[in-house]
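For reference, the structure discussed in these notes is given below.
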Amino acid sequence: PTPRCDGSVYATQNGIAMAAEQEQQQQQQFYLLLGNLLSPDNTVRKQAEPKYDTCS
């Protein structure tokens with residue numbers, strides 16, 4: 001893409017990079033929660049359950 005004087009191309013690319021980073025963080029949080037829900041440690045599972053219940 002050709003950059004415009006108002007910097008819109010760069011702003012769009014920055015927005016895409018931020019969205020990708022946010023998606024990666026959400027995926028990491030999901031796998032952490034999943035691991036906690038599957039934990040053999042009852043205390044860890046009990047702490048993870050309220051977080052799972054509030055997920056939408």
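Worth pointing out:
- When THR43 is tested against the conditions (1) β-branched (Val, Ile, Thr); (2) modelled with pLDDT under 90; (3) out of contact with any helix residue (DSSP H, G or I) (no Cβ under 9 Å at 6 or more places or on another chain), the lone failure is (2).
- Checked against (1) surrounded by 10 or more Cβ atoms within 10 Å (Cβ to Cβ); (2) modelled with pLDDT under 80, THR2 passes all but condition (1).
- Qualifying residue in the range 40-49 (condition: at negative phi, outside any helix (DSSP H, G or I) and either surrounded by 10 or more Cβ atoms within 10 Å (Cβ to Cβ) or not β-branched (Val, Ile, Thr) (or both)): yes
The values are calculated or read from the model by the stated rules, or taken from the named source; none is laboratory data. Computed from a predicted model, the values in this text were never measured in an experiment. Don't worry about glycine lacking a Cβ; one is built from the backbone with ideal geometry, like all the others, and counts go over all protein chains shown.
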